[in-house]
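The values are calculated or read from the model by the stated rules, or taken from the named source; none is laboratory data. Model, not experiment: these values are computed from the prediction. Note that we place each Cβ from the backbone using ideal geometry, even for glycine, and neighbour counts take in every protein chain shown. All accessible areas refer to the heavy atoms of the entire protein, side chains included, with ligands and DNA or RNA removed. Shrake-Rupley method; radii C 1.70, N 1.55, O 1.52, S 1.80 Å.
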Amino acid sequence: AKPDAILTAKDVTRSFGGIQAVDVEYVEFQRGAITALIGPNGAGKTTFFNLLTGFDRADGGTWTFERTDMANKSAAWVARHGMVRTFQLTKALSRLTVLDNMLLAAKRQRGESFVGSLVKPAWAGQEKRNTERAMDILSRFKLDAKAADFAGSLSGGQRKLLEMARALMTNPKIIMLDEPMAGVNPALVQSLLGHIQALRDEGMTVIFVEHDMHAVRHISEWVVVMAEGRIVAEGPADSIMENQAVVDAYLGAR
Ligand code: ATP
């Protein structure tokens, strides 16, 4: 057991028809570290993220964040308790401005409906604070100048940054990134990695799914390997790449 686990999952299962997508006996994630979750296509990484963050329901199992039971709570509840995730395909609404996407993310994560957020008379003080916070977060990603632009006008890399920015609106303790580097111009990868390390340096716990092994090796303190729904290996990045179970997991998928 790691000395300082922040998130612990036990016997978590999820199947779709005959496919056992997730069958995780035990895994724990260390506080304040960057952990990569890797594995071949279809290994169950995204499904595991969906379960942990309340976007899907597990067939069985438990998971606790600090001492709080998180199993099968709503996504809004999970976000309110400090755990947010991003998606492989970004969720920003292309016909809203960048700033409105930020404000909407904060409302959604508080569990307010989109329509409700439009009709409810806004509490001006809260709205102003949210806007200030949104602009602060956007500026760290150099997106503040784009605040009034439609999200749809952003480049692929900027959309990934907006996705991270949206996740930060609720001040999470754990941020889970689903393929943050996918579809990003290679010139931007280095800057994205720097942003992820900066979150860790500020004390956030980062868990990310990634296929880019250079990225994984470059920033992860720990690597967890999934194959066919199970955790097949874990360890420090450098040693995990030479691990036989890891090599088998990847070759077995071809
Ligand atoms: P990738 O790296 O390609 O994103 P992954 O490791 O994230 O893959 P998942 O997307 O979690 O893998 O898929 C795990 C398995 O569960 C796959 O066999 C997939 O086809 C199946 N699966 C996932 N979601 C569903 C669903 N909603 N309905 C049916 N099957 C699903």
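Charges were assigned to the Cβ only: +1 to each Lys and Arg, -1 to each Asp and Glu. The resulting dipole of segment 158-254 about its Cα centre is roughly 320 debye. With respect to the chain, whose longest principal axis is taken over its alpha-carbon atoms, helix 186-201 is tilted by about 90°. Rounded to the nearest 500, the 222 nm mean residue ellipticity of the chain from helices alone is -11000 deg cm²/dmol, with -39,500 (n - 2.57) taken per DSSP H run of at least 4 residues.
Rounded to the nearest 10 degrees, the inclination of helix 124-140 to the longest alpha-carbon principal axis of the chain is 50 degrees. FRET efficiency for the pair H218 and N171, taken as 1/(1 + (r/R0)^6) with r the Cβ-Cβ distance and R0 = 30 Å, rounds to 0.70. The orientation-averaged shadow of the Cα convex hull for the chain, equal to a quarter of the hull surface, comes to 14.1 nm². Placing dummy labels 7 Å off each Cα toward the beta-carbon, the span from H195 to N72 is 3.6 nm.
Assign one of three labels to segment 180-237, namely rounded, prolate or oblate, based on the Cα gyration tensor with a ≥ b ≥ c the square roots of its eigenvalues; rounded applies when a/c is under 1.5, prolate when it is not and a/b is larger than b/c, and oblate otherwise. Since a/c reaches 1.5 but b/c is at least a/b, the shape of segment 180-237 is classed as oblate.
Over the chain, what relative contact order in percent results from Cα pairs under 8 Å that are six or more residues apart?
Working: 474 pairs, mean separation 67.6, N = 254.
Relative contact order, the chain: 27 percent.
Sites listed here are trypsin sites (Lys or Arg not before Pro) in segment 39-81 whose DSSP assignment is loop and whose Cβ has at most 12 other Cβ atoms within 10 Å: R57, R67.
Put simply, when 126-133, 100-107 are sorted by average Cβ atoms within 10 angstrom per residue, most first, you get 100-107, 126-133.
Only Cα pairs under 8 Å and 6+ residues apart enter the sum, and on that basis the relative contact order of segment 159-212 stands at 48 percent. Note on segment 156-254: with neighbouring protein chains present and a 1.4 Å probe, carbon and sulfur make up 50 percent of its accessible heavy-atom surface. The residues of segment 25-85 expose on average 39 square angstrom of accessible surface per residue, using a 1.4 Å probe on protein heavy atoms.
Once neighbouring chains are kept in place and the probe is 1.4 Å, which whole percent of the accessible area of segment 19-72 is contributed by carbon and sulfur?
Answer for segment 19-72 is 43 percent, counting heavy atoms of protein chains only.
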